[in-house]
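In what follows, a structure is listed as structure tokens, so that the remarks can point back to it.
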Ligand code: THU
């Protein structure tokens, strides 16, 4: 037989069970293999046998169903605050930091990197996003952004467009505002976004 796995379902279930998409993929593959070997879960008895077997297979292959513990918004903001340390901003003297949380629980930080041509400057958010994407990570839950000024670190238009390339409509953008944290969704900060 064939095994057909639905990527959307993998994402949904990884989110539902609170573990990485890789773990869910391994788990579903083991589950499907059990079906190919003739196991099923139509009755509670069959289900018990199959479940025991399908847990045994990934375990023997060293694939654990590791739980993903996500950073809290406050922890993510604290990470973003470490990032401007490496900001290269000799022209604006405006340091920006970002911390990007991926669906598999990793955090990628970024700072702004300016250039004497000005136009070649890279914002903190894009640095974080490009770091993640260049490491093969393209699914994100949230990004925290902080800056050296008094105003909230709202992302610029170019960064919003880059975010919309990779973020889901409900990926959260966290900024410090009015002494607390304020969260916006992707669809809130860039409605009716352009895409091909
Ligand atoms: N900057 C960011 O890093 N993120 C933004 O969303 C807005 C602007 C940086 C770019 C530049 O180094 C400095 O802030 C002033 O524009």
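Please compute the contact order of segment 1-114 in relative form: average sequence separation of alpha-carbon pairs under 8 Å and at least six residues apart, divided by the residue count, as a percent. Mind dumping the intermediate values first?
Working: 136 pairs, mean separation 24.6, N = 114.
The normalised contact order for segment 1-114 reaches 22 percent.
Using Cα pairs under 8 angstrom and six or more residues apart, how large is the relative contact order of the chain, in percent?
Values: 320 pairs, mean separation 27.4, N = 196.
Contact order relative to length: 14 percent.
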To the nearest 0.05, how large is the calculated FRET efficiency for residue 3 and residue 45 if R₀ is 25 Å and r is the Cβ-Cβ distance? 0.55
Take the Cβ-Cβ distance between residue 69 and residue 158 as r, set R0 to 35 Å, and report the resulting FRET efficiency rounded to the nearest 0.05. 0.60
Report, to the nearest 10°, how far helix 157-166 tilts away from the longest principal axis of the Cα atoms in the chain, using its own Cα long axis and a range of 0 to 90°. 10
So, with points 7 Å from each Cα along the Cβ direction, the residue 150-residue 130 label distance in nm works out to 3.3
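Mean residue ellipticity at 222 nm from the helices of the chain, using -39,500 (n - 2.57) per DSSP H segment of n ≥ 4 over the full residue count, to the nearest 500 deg cm²/dmol?
Theoretical 222 nm ellipticity from helices: -12500 deg cm²/dmol.
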Expressed as a rounded percentage, what relative contact order does segment 86-153 have, with Cα pairs under 8 Å and six or more residues apart? 36
Where the centre of each part is set by its Cα atoms, how far does segment 126-196 sit from segment 1-75, in angstrom? 31
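Given a Förster distance of 25 angstrom, what is the FRET efficiency for residue 115 paired with residue 22, based on the Cβ-Cβ distance and rounded to 0.05?
Efficiency, from the Cβ-Cβ distance: 0.10.
Every number in this text was worked out from the coordinates using simple rules, so none of it is lab data. The structure displayed is predicted, hence computed values, not measured ones. Glycine also receives a Cβ, built like all others from the backbone with ideal geometry; neighbour counts cover every protein chain displayed.
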